[in-house]
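Before I ask anything, let me first share the structure, which is written out below as structure tokens.
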Amino acid sequence: MGKRIKKKRALRTIAAPFTVSAPTGARIRDRARFNERDVQVLHLAGEHLGHHQRADLAERISLGKVAVKDNQRAPRKKSLTAVSSSRWAGAMTRASEDQYQLSLRALFDERASLRRAVRTVEKRLTVPCGQRSKSGVRGYPTQAERFEKQRRLQVLLGRLAAVEERIEAGSPAVTVGGRRLLKARHNLAKAELTVEQWRGQWEASRLFLTADGESGAPHGNYTITVDPATGEVTMVLPEPLRHPANAPRGRYRFSFTVQFNHRREEWLDRASANRAVRYDFVHDPARDRWYLDASWGAEAAVLPTPEELQARGERLLGVDLNADHLAAYVLDPHGNPVGTPITIPLDLAGPTSQRDGRLRAAISELLRTARSHRCAGIAIENLGFDDARATGRETMGRGKRGKTFRRTVAGMPTAKFRERLRSMAFHAGLVVIAVDPAYTSVWGGRYWQAPIQQTNQKTTVTRHHGASVAIGRRALGHRARRRPGVTANDQRIVARRATGQALPGPRARGTANPPRTASTPTTGGKTRPGQGDQLALFPDPEHRSRGHRTGPVSCDSANDGQHH
């Protein structure tokens, strides 16, 4: 009986690299140092507007999935104008519509995630325990685990049915203030909060103090106005709450001024030209601080494609994102690694504010490295982990090792890293190219780790540095694997020349040394003649892909002697 030949597993289809789009807007912040009177006015207005905005959101959800012309925004805005103002009402109805559409998209994403999980479990349940199907799907190892997966499948199907019912009815569940904060109320000890602290965060998250910008209005916003010359801030109070007004036309002038030091010139250009600028008052109850945020939309920027960067002969910085560090390598236009491997620590432990600061510092160091090496852009993996997070234990390992790996994946700030890098790189004049993450770590460790380590004896090279090289090569349009027959690093020890590196060309006849005859003795006490010690009978024209060295033409007498 012949040996059964194992069918090779087909490789994934690798998607083409693409340029990450530029940010569509900007948001800056400055601290607002209020006095007690200012805080009272803001709380009064925020609670009043927040109450009516939540009522409008409930009315919008009750309408379900309807066309834009049937969402009854005009009647809802008219009823809200009576208890606020026309511009406050427009901001509240716009926020309700945005929240509804966002929640509906979240339902679609949850349905897709549940469907992926159901398909994965069902495939494994069709295979007997301890066996593998022809397509490579493994069955569960034990009958006990199979039984638990059957129960898990029923839970997933129940959740999927509930989600599909909500999508059909067009009524997503929305918690103003955040569902996570709402659930923390039932477990304050685990959340490390007191009742007073939780109440402060809950009330602060439900305030509505957002004013949309309007082109042509004074300094880009009539509801909340910031004077670019003096930094003075005024706000239109809702109609029923205009008794604290200290400025004409029901406006309240605050006792503080703002500067907006970050990207101040851009803000000044818009505010001075009366272009639309949105303002938001934000309260941080943990620090008991108030902030004023300014945001505006940016014009669409046309960024170069990977093909254009390759045609221009630009350098790239390949980056491999890991849980505790960033591994990077500079690549020349031909895809060759240049210099030494780069490692940037990434410590994401601690509270959210510290994690955000460390992530921003790591990205800043990455941008400085790219600019110092004259790189035109940064190549990263298009990491989402959506499918992996959906299928969970089914595809990411079992037991303690699989649990550790899943926690590592969940702790990697892929989305936040991608968004921060996109924004910061755009303002630094760099392009971000996203590539398919398939096999980058495998091929980087197999084909690039050892050669890079040989050229960097004083630096520890990991498979992550090899992955960064594979990422950069893929962004430049080259193969992630090394080409066969690459020249050895040490020519004195390893006698191997490059093959397939350039177009074949003609070379001179003969070899570097005169050809030996059968009577020429071998040197060095060799028991077996080397490849270069073979007899040369009528050398034919060769090209460089044969791996021989180029030398002078042999004399005719030598050839004649060999012939005779």
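Bear in mind that the values in this text are calculations on the coordinates, not laboratory data. Predicted model only: the values in this text are computed from it and were never measured. For neighbour counting, all protein chains shown are included, and Cβ atoms are generated from backbone atoms with ideal geometry for every residue, glycine included.
So if we plug the beta-carbon distance of ARG199 and CYS129 into 1/(1 + (r/R0)^6) with R0 = 45 Å, what FRET efficiency do we get, rounded to 0.05?
Calculated transfer efficiency: 0.30.
Right, another one. Once amide H atoms are built 1.01 Å from N in the peptide plane, which residues 5 or more positions from ARG315, or in another chain, come under 5 Å H to H?
ALA376
I'd like the GluC sites (Glu not before Pro) in the stretch 205-303 restricted to DSSP loop residues with at most 13 other Cβ atoms within 10 Å, sorted by number.
Of the GluC sites (Glu not before Pro), the ones in loops of the stretch 205-303 whose Cβ has at most 13 other Cβ atoms within 10 Å are GLU299.
Still on this structure, please answer the following. Compute the FRET efficiency between ALA301 and THR175 as 1/(1 + (r/R0)^6), taking r as their Cβ-Cβ distance and R0 = 51 Å, and round to the nearest 0.05.
0.90
Right, next: Report the gain in length on full extension from ASP288 to THR404: 0.36 nm times residue separation, minus Cα-Cα distance, nm rounded to one decimal.
Answer, rounded to one decimal: 38.0 nm.
Sticking with this structure for a sec: Which FRET efficiency value, to the nearest 0.05, do you get for ARG242 and THR13 by plugging their Cβ-Cβ distance into 1/(1 + (r/R0)^6) with R0 = 56 Å?
After rounding to 0.05, the efficiency reads 0.35.
Under unit Cβ charges (Lys, Arg +1; Asp, Glu -1), what dipole magnitude, rounded to 20 debye, does the stretch 284-369 have relative to its Cα centre?
Roughly 220 debye, rounded to the nearest 20.
Going 7 Å from the Cα of ARG312 toward and past its Cβ, which residues in the stretch 8-27 have a backbone nitrogen under 18 Å from where you end up?
Residues passing the 18 Å test: 17-23.
If you plug each phi of the stretch 128-141 into the Karplus form 6.51 cos²θ - 1.76 cosθ + 1.60 with θ = phi - 60°, what whole-Hz ³J(HN,Hα) values come out, in order, with x for Gly and Pro?
So the Karplus estimates, Gly and Pro as x, are x, 4, x, 10, 9, 7, 5, 7, x, 7, 8, x, 6, x Hz.
Sketch the reach of a paramagnetic label on THR459 as a point 7 Å from Cα along Cα-to-Cβ, and name the residues of the stretch 333-370 whose backbone nitrogen lies under 20 Å away.
Those under the cut-off are 333-347, 362-370.
Given points 7 Å out from each Cα along the Cα-Cβ axis, report the PHE108 to ALA189 separation in nanometres with one decimal.
Inter-label distance under the simple model: 4.4 nm.
Could you state, as a whole-number percent, how many of the C-alpha pairs of the stretch 204-297 are farther apart than 15 Å?
62
Roughly speaking, what is the stretch gain from LYS416 to ASP332, that is 0.36 nm per residue apart minus the C-alpha to C-alpha distance, in nm to one decimal?
27.4 nm is the gain from fully extending LYS416 to ASP332.
Where does each of VAL469, VAL195, VAL39, VAL121 land when they are ranked from fewest to most other beta-carbon atoms within 10 angstrom?
So the ranking, lowest neighbour count to highest, is VAL195, VAL39, VAL121, VAL469.
Peptides 50-61, 129-140, 170-181: what's the order by average Cβ count within 10 Å, highest mean first?
50-61, 170-181, 129-140
Under a cut-off of 16 Å between alpha-carbon atoms, report the aspartates and glutamates in cross-link reach of LYS78, not counting same-chain residues fewer than 8 places apart.
Cross-link targets: ASP56, GLU59, ASP70, GLU97, GLU239.
How far, in nm, would the chain grow between GLU232 and GLN143 when pulled straight, counting 0.36 nm per residue and subtracting the alpha carbon separation?
Full-extension gain reported as 24.9 nm.
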